[in-house]
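K.L.:
What follows is a single structure, and I will ask about it in a moment.
The numbers here are math on the coordinates, done by the rules we state, and not lab data. Just so you know, these numbers come straight off a predicted model, no measurement behind them. So basically every Cβ, Gly included, is an ideal-geometry build from the backbone, and we count neighbours across all protein chains shown.
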Amino acid sequence: MDTLYKIQPIGLRFNGTNRPATIADLHQLREELVFEIGNLLRSQSSAGGKQWVKSYEVRKILHISPGTLQTLRNNGNLPFARIGGILYYDMEDINNLLIKSKTVREL
């Protein structure tokens, strides 16, 4: 998308012209921005974001220590793949672990 607006000290100028932006110009800009943001969100969700994450990322996501992550692996609660010396975890497995661990507290 080409840049349609430019902020200048004297105000918003539209489409490289010297005329001030009109309400119609701003509506057009808004529609184009909404369209572009929608495209970005759709492309991210269709790719599923990052599917495989490393151990340090899992620890950050779950706020757990390396020992707790080791326990989750040893108990079979969190499947992983090892390539070389690096462990990878599927985000879907992490989400499933969170769902299984979810508790409802009654008042």
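K.L.:
Straight-line reach from LYS102: which aspartates and glutamates have a Cα under 20 Å away, not including same-chain ones fewer than 8 places off?
P.N.:
ASP90, GLU92, ASP93
K.L.:
Could you put HIS27, HIS63 in order, starting from the residue whose Cβ has the fewest other Cβ atoms within 10 Å?
P.N.:
Fewest to most other Cβ atoms nearby, the residues stand as HIS63, HIS27.
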